[in-house]
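Here the structure is laid out as structure tokens; the discussion comes afterwards.
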Amino acid sequence: MRNSLNFLYKLSALNRCASGVLTASLFFINSCAFATQAKFEIIESVSLSSALEETSALYCSPDNSVYSLNDSGNAPVVFRLDENGRIVSKLTPEDVKNKDWEALTADDSFFYIGDIGNNRGTRKNVIIYKFPRSAEPLDSATKLSLSYDGNKPSENESLNHDFDAEALVAVDDHLVLFSKSWLTDLLKIYIVDKSQNKQKLSAKKLVKGIPGVITGADYDKAKQRYILVGYPSKRMGFGDPFIVILDREFALIDKIPLPGFGQVEGVCAHPSGQIWFTQESSIFSSNKLVKLQLVE
């Protein structure tokens, strides 16, 4: 609906122009739309179970297993999916709570759940749960407690601070955490030690030019780059979500709008070479798993 209203608004404005200008403008708009769409091809879009209405993360394993989870207000469960988005099993590590689960990643030995959501800015510490991939039944999870340098919860305004995050990636011998910077739109990147139980984080890199807040991330090993997703800041549920590509050193390579999609939350670089992402259920759209191929 909102895309239709935007089109009618633009068309009304164009009608006030001369016919020659109108023709040129419409040609320009169509050219821009074509250029945006040419950056990717949708391979498949499948509905997710109602058990994953608030899907907030996505991890694609090298063995083609796919994992997701829900954010705050839901049970502390990791769902394993097949390639059609159907739930095939559930993982519930012991002694964990879902205060605001927003990220999921893994290395060869461990899963890492990012209980790192902090939209309101009230959390002094956030948690990463670490638990073995191979243990059956699952062992108790180890807690990595994180705090941010400069974070003062008593002074933060809800949705108007830089101490929130929803994106976590295991790369080499560390974890990379990407901020959800509501206040500045300046992407802050933190390096997390996988084995240190208590850590105070300072941003190791700042990236300008990000078109909103980051809600998911993965590292594309084959092409040595980071794939991020997000949506326009301060307009949750409105405006087109996007893909952002960073190189291994976090330099901005590209920004790709995802018109027609809703609140995109999780993303992974699938072993097939495709980019997969999940969309949370909302009043605008249903929860789904989307597979696309970047055109490069």
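The values are calculated or read from the model by the stated rules, or taken from the named source; none is laboratory data. Every value quoted in this text rests on a predicted model; they were computed, and no experiment measured them. So basically every Cβ, Gly included, is an ideal-geometry build from the backbone, and we count neighbours across all protein chains shown. Only protein heavy atoms, including side chains, enter the accessible area calculation; ligands, DNA and RNA are left aside. Shrake-Rupley method; radii C 1.70, N 1.55, O 1.52, S 1.80 Å.
Annotations for the structure displayed:
Matching residues to (1) of a type in the set (D, E, K, R); (2) over 30 Å from Glu83 (Cα atoms); (3) out of contact with any Ser or Thr (no Cβ under 8 Å at 6 or more places or on another chain):
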residue: Glu166; (1), (2), (3): yes, no, no
residue: Lys188; (1), (2), (3): yes, yes, no
residue: Ala203; (1), (2), (3): no, yes, no
residue: Val207; (1), (2), (3): no, yes, yes
residue: Gln224; (1), (2), (3): no, no, yes
residue: Phe242; (1), (2), (3): no, no, yes
residue: Arg248; (1), (2), (3): yes, no, yes
residue: Pro257; (1), (2), (3): no, no, no
residue: Ile283; (1), (2), (3): no, no, yes
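- Candidate set from the range 146-175 (those that are in a strand (DSSP E or B) and open to solvent by 30 Å² or more (accessible area, probe 1.4 Å)); member that is farthest from Leu228 (Cα to Cα): Glu157
- Scanning the range 59-105 for residues that are of a type outside the set (A, V, I, L, M, F, W, C), crowded, with 21+ Cβ neighbours inside 10 Å and not in a loop (DSSP other than H, G, I, E, B) yields Tyr59, Tyr67, Ser68, Asn70, Thr105.
- Filtered residues of the range 65-94 (kept if free of Cβ contacts under 8 Å to residues at least 60 places away in the same chain and in contact with a helix residue (DSSP H, G or I) (Cβ under 7 Å, 6 or more places away or on another chain)): Asn70, Phe79, Ile87
- Strands (runs of 3 or more DSSP E) within the range 255-295 that include 1 or more residues within 13 Å of Asp240 (Cβ to Cβ): 264-269, 275-279
- Search result, residues across the range 95-122 that are of a type in the set (D, E, K, R) and without any contact (Cβ under 8 Å) to a residue 40 or more places away in the chain: Lys97, Lys99, Asp100, Asp108, Asp115, Arg120
- The condition (being modelled with pLDDT of 95 or more, under 18 Å from the mean Cα position of the chain (by Cα) and surrounded by fewer than 18 Cβ atoms within 10 Å (Cβ to Cβ)) is satisfied by just one residue among Ile191, Ile214, Ile210: Ile191.
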